[in-house]
1. Going residue by residue through the stretch A:145-166, is there one that turns out to be in a helix (DSSP H, G or I), open to solvent by 20 Å² or more (accessible area, probe 1.4 Å) and more than 27 Å from A:Asp67 (Cα to Cα)?
2. Could you list, in sequence order, all residues of the stretch A:99-144 that are open to solvent by less than 30 Å² (accessible area, probe 1.4 Å), within 14 Å of chain B (Cβ to nearest Cβ), of a type outside the set (A, V, I, L, M) and assigned to a helix (DSSP H, G or I)?
3. Quick one: which helices (runs of 4 or more DSSP H) lie wholly within the stretch A:1-85 and hold at least 2 residues that are over 20 Å from A:Tyr174 (Cβ atoms) and among the β-branched types (Val, Ile, Thr)?
4. Listed residues A:Ser170, A:Ser200; which is modelled with pLDDT of 90 or more, more than 25 Å from B:Phe105 (Cβ to Cβ) and buried (at least 24 other Cβ atoms within 10 Å of the Cβ)?
5. How many residues does the stretch B:107-130 contain that are aliphatic (A, V, I, L, M), facing another protein chain (nearest Cβ under 9 Å) and part of a loop (DSSP other than H, G, I, E, B)?
6. Looking at (1) under 30 Å from B:Leu124 (Cβ atoms); (2) modelled with pLDDT of 95 or more; (3) open to solvent by 10 Å² or more (accessible area, probe 1.4 Å), which is the one condition that is false for B:Lys31?
7. Select from the stretch B:131-146 the residues that are open to solvent by 20 Å² or more (accessible area, probe 1.4 Å) and within 13 Å of chain A (Cβ to nearest Cβ) and write down the one among them that is nearest to B:Asn95 (Cα to Cα).
8. Determine whether B:Val122 is under 30 Å from B:Ile80 (Cα atoms), crowded, with 18+ Cβ neighbours inside 10 Å and free of Cβ contacts under 8 Å to residues at least 24 places away in the same chain.
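The values are calculated or read from the model by the stated rules, or taken from the named source; none is laboratory data. Small disclaimer: the values here were computed from a predicted structure and weren't measured. Don't worry about glycine lacking a Cβ; one is built from the backbone with ideal geometry, like all the others, and counts go over all protein chains shown. Heavy atoms of the whole protein, side chains included, go into the accessibility calculation; ligands, DNA and RNA do not. Shrake-Rupley method; radii C 1.70, N 1.55, O 1.52, S 1.80 Å.
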Amino acid sequence: MGDFLHSFFDIHQILHVLPTLLGEGLRNTLIIASLSLLLGLTAGLLLSMLLIATRWWLRAPARIYVDIFRGLPAIVTVSIIGIGLPSADIRPFGESPMGYAILAIGLINAAYIAEIFRSGIQSVPVGQMEAGRSLGMSHLTTLMLIVVPQGIRNVLPALANQFIIAVKESSLVYLLGLAVGERELYFIAQQAQAVSYNSSSFVAAGLVYIAFTVPLTHLVNRFDRRMREGKRPTVADEPVGKEPLTPVGAGMEAGA
Amino acid sequence: MEQTAIDDAKPRQRGGDRPVEPAVELLDICKSFGKVDVLKGVSATVVPGETVCLIGASGSGKSTLLRCINLLSPPTSGTIRVHGQVITAPKVDLNAVRSRIGMVFQHFNLFPHKSALDNITVALRRVRRMSRQEAEERALAQLEKVGLRSLASSRPGSLSGGQQQRVAIARSLAMEPDIMLFDEATSALDPELVKGVLDVMRDLATSSGMTMVVVTHEMNFAREVSDRVLFMDSGVIAEEGPARQLLADPQTPRLRSFLSQVL
């Protein structure tokens, strides 16, 4: 039992590695997660528009992209982009692996986010598009001003969830070998373990992940619940008895 | 058709005996959804200022016919003219055509994420290219006309169905359309909210001289407000005529049996 505690919960080891984890590690993890999410949101929104296009030649490339990046294990994508590109002398981000890591995780995010947006947009009743079109607005204008804002609102919880996934996937960057200063949580823990042969640094990194992701998950769930409960009444359960606020037909005389 | 319309007592903007250019002309309209033929060759004319009610059982094709007029459901074949312009021709600027034809839906279809005011201003700004101030002034004026100016900043979700439908009517009217289409505008409303909406529509037909095509189950509205009634059955116009005459003295067994069920 003493061995077990020592291997995983060595307080000295944890305290030793924690400052680096919280300073350098958490910062870089959040940078990778946020920037890759930003890339994922932008590309994902574009892809979702293509996914719902009526023309097959717009739909097909987006579908293929989403299938590939959702189908590949994240570690393969990170390797292909982070190791493959520089070794093929394609170095848009120079020598630092950060850029490649953000690109790789961003591209994966884009595939998942595209599907999230697509389902959100398709959950908006078709009458919304019809109302916009009947007023003379173009398909694109109605999509951007009427349909997409409602669709995004429907999928905010799913998007927040995707951010949590991005936080965890950012650990795959360790594959690419980060320099001091750009290390994220997992890489710091792994290096500390390699020196000490003690797994407590992994536990410490895990605690930092959990301290961030668990509250975020609950925040998202609470937000999701509030959205559901506070959902505006639909046609079926509209508030009856509000009408007398303005007498029926009021303004008819004034309006005539 | 012109002849029958003259029988009606209601005054309307017409140029004496001169033939008036129709507001809407439907020529042999057919519409199929897959293998189902919903419209089987419908021809009809609506003159400016006229209110025409489309009645018939559900599935008879009346809503589909209405949705053909602004090409929300483009017909499979046939020709539609709106104020002389063939809108079923290729390369027609559909957005321009639709911006002159207002449509009111059974389920209102207000934009739930926008206030009543913004529901009205969005198309004024995007389609009519108005400034914010100009659009808001016109929107408020329209809300005033439907008696809802005080609720301009409310979201649709906090309005009753009747109020929502009146906002939807104001949204269409703000575009200053030549023609208004109503697709069962009161069918989704609780009975006590129907009157407020019908009053707005009645006022529009009688005082404003709007050209209106109204799909409705409200036979009293059809009788009192409309100039002509078209009875649709199985994708064709089975009978048509001046409202009072048609509803009081149906000629076809099909209309007789329909009226006996709804009246």
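1. Yes, the stretch A:145-166 contains a residue that is in a helix (DSSP H, G or I), open to solvent by 20 Å² or more (accessible area, probe 1.4 Å) and more than 27 Å from A:Asp67 (Cα to Cα).
2. Here is the first cut: in the stretch A:99-144, the ones open to solvent by less than 30 Å² (accessible area, probe 1.4 Å) are A:99-102, A:104-106, A:108-111, A:113-117, A:120-121, A:124, A:127-128, A:131-132, A:134-137, A:142-143.
From the residues that got through so far, the ones that are within 14 Å of chain B (Cβ to nearest Cβ) too are A:120-121, A:124, A:127-128, A:131-132, A:134-137, A:142-143.
Right, trim to of a type outside the set (A, V, I, L, M) and you get A:120, A:127-128, A:132, A:134, A:136, A:142.
Scanning the stretch A:99-144 gives A:Gly120, A:Gly127, A:Gln128, A:Gly132, A:Ser134, A:Thr142.
3. Working: elements: A:2-9, A:11-20, A:26-51, A:56-71, A:74-79.
It comes to A:56-71.
4. Values: A:Ser170 fails: modelled with pLDDT of 90 or more.
Checking each option against the conditions leaves just A:Ser200.
5. 2
6. Looking at each condition in turn, B:Lys31 falls short on (1).
7. Here is the first cut: in the stretch B:131-146, the residues open to solvent by 20 Å² or more (accessible area, probe 1.4 Å) are B:131-134, B:136-138, B:140-142, B:144-145.
Pick out the ones that are also within 13 Å of chain A (Cβ to nearest Cβ) and you get B:140-142, B:144-145.
Working: B:Leu140: 24, B:Ala141: 24, B:Gln142: 22, B:Glu144: 27, B:Lys145: 26 Å.
Result: B:Gln142.
8. Values: under 30 Å from B:Ile80 (Cα atoms): yes; crowded, with 18+ Cβ neighbours inside 10 Å: yes; free of Cβ contacts under 8 Å to residues at least 24 places away in the same chain: yes.
Yes.
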